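Beneath this line is the structure, given in structure tokens, with notes to follow.
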Amino acid sequence: MTSETIEKKSAVIAELEAGFKSFPGVYIADFSRVTVQTVTGLRSSLRKKGMKMKVAKNTLIKRALASAGIKGLDSHLVGPTAVIFSDDQDPMAPAKALVEFHKANEGVLPVKVVSIDGAAYPGTQLAALAKMPGKRELQASVVSLALGPGQKLLGIIKGPGTAIAGQIKAQIEKLEGGAQ
């Protein structure tokens, strides 16, 4: 092997390792039967949503997994493989994107395994994962739950005060009108 080839492979391993370490969601898919046009469209769609897709040899992926300290995914690295990384905020986002992709491209790029924060799920669970709320949706739910009771309490406290203030204002206007 030439030193140039070794450098290229080392760069691929380093890139994959960085992805495994920094992104909470990793999706490993079967890359066979994918046309260039189809994969180009998918990559573009994923990129717009802050996700990345990398196709590499299984031996390089195995080395990157080992370097990142991730275990249990090696057995799924058979045949042409694509690795899809979530964005740094929502590990469920690729599941949603891939379910949409599979609606238009049935049987293309089936997911072998999903790793979310170190826990592995079979690719057959992709639809269930896609239905789960993402991090942003959960944060919005928590905020609305936290603000909901406060707004109700404010309405309860403010309600009678507003009514009393309105009655006092009406009484003042009535007395001012009578004094003239």
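A few remarks follow.
- Ascending count of other beta-carbon atoms within 10 Å, so fewest first, for 88, 117: 117, 88
- Max mean-square fluctuation residue, GNM over the chain, Cα-Cα springs under 10 Å, options 36, 99, 111: 36
- With the simple model of a label 7 Å out from the Cα in the direction of the Cβ, residue 99 to residue 11 spans 3.8 nm.
- Computed over the chain with a Gaussian network model linking Cα atoms closer than 10 Å, the most mobile of 16, 145, 77 is 145.
- Mean ellipticity per residue at 222 nm, deg cm²/dmol - from DSSP H runs of n ≥ 4 across the chain, formula -39500 (n - 2.57): -20000 deg cm²/dmol
- The stretch between residue 67 and residue 173 holds 30.2 nm of extra length on full extension. This uses 0.36 nm per residue minus the Cα-Cα distance.
- Between residue 81 and 31, 56, the built amide H atoms are under 5 Å apart, and every one of these is 5 or more places off in sequence or on another chain.
- Given the choices (i) 1.02; (ii) 1.74; (iii) 1.46, Cα Rg over 2.2 N^0.38 Å derived from the coordinates of this structure is entry (ii).
- Selected from 127, 31, 67, residue furthest toward positive end of dipole (segment 3-132; charges at beta carbon): 31
No value in this document is a laboratory result; all are computed from the given coordinates. Treat the numbers as computed from the prediction; the structure is a model and nothing was measured. All Cβ positions, glycine included, derive from the backbone under ideal geometry; neighbour counts span all protein chains shown.
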